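First comes the structure, then the notes that go with it.
Computed from the coordinates by the stated procedures, all read-outs in this text should not be read as laboratory data. Just so we're clear, the structure is a prediction, and the values are computed from it rather than from any experiment. When we count neighbours, we look across all protein chains shown, and the Cβ atoms used for this are built from the backbone with ideal geometry, even at glycine.
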Amino acid sequence: MKIKVAGVELHCDVAGSGPAVLFVHGFPLSGRLWEPAVRRLSSAYRCIVPDLRGMGRSRGTATATMQDYAEDLAVVLDAVGETGPVVAVGLSMGGYVLFEFFRRHRGRVRALVLADTQAVDDKPETRAKRQEMIAAVRQRGSSVAAEAMIEKLFGPDASAGLRREWLEIMSASPSVGVTAALQAMADRPDSRPTLAEIDVPTLIAVGEHDAITPPGVHREMHEAIRGASLEIVPGAGHMLPVEKPEAFGEILERFLAEHFP
Ligand code: MLT
């Protein structure tokens, strides 16, 4: 379905029925990241899968902030009729957006799944690299960002076909969406102070070979979030839900069944 947010048209897929689970993809990906998980869960859960503004099939804006992406999620949930709290699952930038969503809409979060993400903000050198990438994408389009990302995204077991598929998806993101997201990530606040505030059931999951947000940052989040559980998945990189769909699906299903029997 299409949802209008302040004049911007966002794409959102909704599948299944039961307790609501909101899935938030990373940069510069799309809701397709969650296809295997949704196939597995939609017999028991209502899966809500938006494409973030300026990625996948959602229209972009010249600029965006983490606050904008978080507010978009609130509008999406209203539009699909989920006014009560949901389980929120985010990967990488999706996790950055969920920290902001948690700060703004605490009452709408029933549980959190933080996959291949981090709470810490950018170091100055990462910010500088993002500015270089913004300039390159403005000149040459989204494929520059896609090519820079592709080597870091996957663990050693990922097939050539999977890498090719995601290179195409990332290259197809509107360049305005890619540059806006790069700036939003560079400007995002440090979410480490938020970790101690998290008082909902939380699952942290990461691929053992994640080169973008490595297991170490997940161990730190695990220590800082009261009662959280941590899963490190062997063989996977940053794209855990599509690299090891069986393992990720099983972990997610177990967490949901434990908290929402
Ligand atoms: C992502 O996967 O969402 C991004 O690579 C995260 C980042 O660049 O910080």
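With Cα atoms as the point set, the chain shows a radius of gyration and Dmax of 16.7, 51 Å. Ellipticity at 222 nm from helices only: DSSP H runs of n ≥ 4 in the chain, each -39500 (n - 2.57), divided by the residue count, give -14000 deg cm²/dmol.
Dipole magnitude for the chain: about 560 debye, using +1 per Lys or Arg Cβ and -1 per Asp or Glu Cβ, origin at the Cα centre. With a Förster radius of 22 Å applied to the beta-carbon distance between residue 172 and residue 132, the computed FRET efficiency rounds to 0.50. Here the residues 71, 253, ranked from fewest to most Cβ neighbours within 10 Å of their Cβ, fall in the order 253, 71. Projecting label points 7 angstrom from Cα along Cα→Cβ for residue 140 and residue 223 puts them 4.0 nm apart. Beta bridges from DSSP with both residues in segment 1-156: antiparallel share about 40 percent, rounded to the nearest 5.
Positive contributions from Lys and Arg (+1) and negative ones from Asp and Glu (-1), summed over other residues with Cβ under 13 Å from the Cβ of residue 241, come out at -4.
Quick check on segment 112-261: take the gyration tensor over C-alpha atoms, sort the square-rooted eigenvalues as a ≥ b ≥ c, and tell me if it's rounded (a/c under 1.5), prolate or oblate. Walk me through the numbers on the way to the answer.
Working: a/c = 2.22, a/b = 1.36, b/c = 1.63.
Oblate, since a/c reaches 1.5 and b/c is not below a/b.
Sequence-distant contacts, meaning Cα pairs under 8 Å at least 6 residues apart, place the relative contact order of the chain at 21 percent. Extension gain, residue 232-residue 208: 0.36 nm per intervening residue step, less the Cα-Cα distance, totals 8.1 nm.
Going from the fewest other Cβ atoms within 10 Å to the most, the residues 259, 222 appear in the order 259, 222. Spin-label model, residue 246/residue 65: points 7 Å from Cα along the beta carbon direction are separated by 4.6 nm.
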